[in-house]
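A.B. asks: One structure, as structure tokens, below. Some questions next.
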Amino acid sequence: MDMRDKINAALKDAMRSKEADRLSTLRLINAAIKDKDIALRGTTDEEGGVSNDDVLGIMGRMVKQRQESARAYEEGGRLELAEKELSEIKIIEEFLPKQLSEDEAEAAVDAAIAEVGAASIRDMGKVMGALKAKYTGRMDFGKAGPMVKGRLG
């Protein structure tokens, strides 16, 4: 079962059980996927639109956006809005694979550096590409970048 099917099944369940908050979050996920489908139209020969990796990337960005919004709402004293963002994060994360721990991320960075034979900071793009190919949706690349830089620099 691919990611779209899982999301659509959850959407139907949320409709049946009348879970309004869950339903709205799942609709947001579907809308983001459809936006990406539309953006890809005509640029690729493949039928079917976005891949599972693309869907994971979209949901990862959605989580990051909501974390930033929740932080801003908390700083502004709007706790009810922050709680709404945090509840949306929990729903989105149900569909994401388990995130790598700090130790696992460091091991993955070391393995990617060895795999591409990176020797200097100039090879950072190759290392990040290898990481993204293997760990999309499972690793925070905002944290992985400085890790790679620290090892190569």
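The values are calculated or read from the model by the stated rules, or taken from the named source; none is laboratory data. Here the structure is a predicted model, which is why all the values come from computation and not from measurement. Neighbour counts are summed over all protein chains in view; Cβ atoms, including those assigned to glycine, are modelled from backbone coordinates with ideal geometry. To get the accessible areas, we keep the full protein, side chains included, count just its heavy atoms, and leave off ligands, DNA and RNA. Shrake-Rupley method; radii C 1.70, N 1.55, O 1.52, S 1.80 Å.
A.B. asks: Filter segment 108-149 down to residues that are open to solvent by 60 Å² or more (accessible area, probe 1.4 Å) and either part of a helix (DSSP H, G or I) or touching a His at 6+ places or on another chain (Cβ under 6 Å) (or both), then give me how many there are.
C.D. replies: Selection size over segment 108-149: 12.
A.B. asks: Only residues that are open to solvent by less than 90 Å² (accessible area, probe 1.4 Å) and more than 18 Å from V55 (Cα to Cα): list them for segment 32-45, please.
C.D. replies: G42
A.B. asks: In addition: Tell me which helices (runs of 4 or more DSSP H) are completely within segment 11-105 and hold 2 or more residues being out of contact with any Lys or Arg (no Cβ under 7 Å at 6 or more places or on another chain), within 27 Å of A133 (Cβ to Cβ) and without any contact (Cβ under 8 Å) to a residue 24 or more places away in the chain, or say none if there are none.
C.D. replies: Working: elements: 20-40, 52-75, 79-93.
In segment 11-105, 20-40, 52-75 are the helices (runs of 4 or more DSSP H) which contain 2 or more residues that are out of contact with any Lys or Arg (no Cβ under 7 Å at 6 or more places or on another chain), within 27 Å of A133 (Cβ to Cβ) and without any contact (Cβ under 8 Å) to a residue 24 or more places away in the chain.
A.B. asks: If E80 satisfies every condition in (1) at pLDDT 90 or above; (2) surrounded by 13 or more Cβ atoms within 10 Å (Cβ to Cβ) but one, which is the exception?
C.D. replies: Here E80 clears every test but (2).
A.B. asks: Restricting attention to segment 128-153, which residues are over 22 Å from V55 (Cα atoms) and of a type outside the set (D, E, K, R)?
C.D. replies: P146, M147, V148, G150, L152, G153
A.B. asks: Answer with yes or no whether I29 is crowded, with 17+ Cβ neighbours inside 10 Å, under 12 Å from the mean Cα position of the chain (by Cα) and more than 17 Å from D140 (Cβ to Cβ).
C.D. replies: Judged against the criteria, I29 is a match.
A.B. asks: Any residue that is aliphatic (A, V, I, L, M), under 26 Å from I29 (Cβ atoms) and open to solvent by 50 Å² or more (accessible area, probe 1.4 Å) - is there at least one of those in segment 86-94?
C.D. replies: yes
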